[in-house]
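Structure first, commentary second.
Please treat every number below as a calculation from the coordinates, not as lab data. Just so it is clear, the model here is predicted, and its values are computed rather than measured. Note: ideal-geometry Cβ built from the backbone for every residue, glycine included; neighbour counts use all protein chains shown.
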Amino acid sequence: MALPMEIVMLACCLFSVSFAVLLMMNSAHSMSYMDEIFHIPQAQRYCRYNFHEWDSMITTLPGMYLASFLIARVTVWINYLAMGSIDFCSVLWLRFHNLIYATGNFIVMYKLLEKFHCPLK
């Protein structure tokens, strides 16, 4: 079930390049940008445990916001243990969640290809 080293390296490369793009994007647009004007405030509501308020302009299912909420809740413990003051529901950190999803999707796609086709070697 372990991933081959080549796939781990590719996932790390994907994450690294995506992280660099994230930092460049965030330096150019530190506030909500494009459709983020709808999604960031909704995700921040979920971070504040406000699950009953919904922006009617959003067509995305609530699961994405719940996933971001769960990631923020897990990482807040890291912040607490480090005695830091990072806002894990800020625009930057909510954008960072996409890196986690992208890297996870890459690994899931590899495992699906491996299962339904011949092992990739």
Show me 20-29, 33-42 ranked by packing, highest mean number of other Cβ atoms within 10 Å first. 33-42, 20-29
Out of (1) 37; (2) 40; (3) 47, which label holds the value of percent of Cα pairs over 22 Å apart that was computed here? (3)
Estimated [θ] at 222 nm from DSSP helical runs (n ≥ 4, -39500 (n - 2.57)) normalised by residues in the chain, nearest 500: -23000 deg cm²/dmol
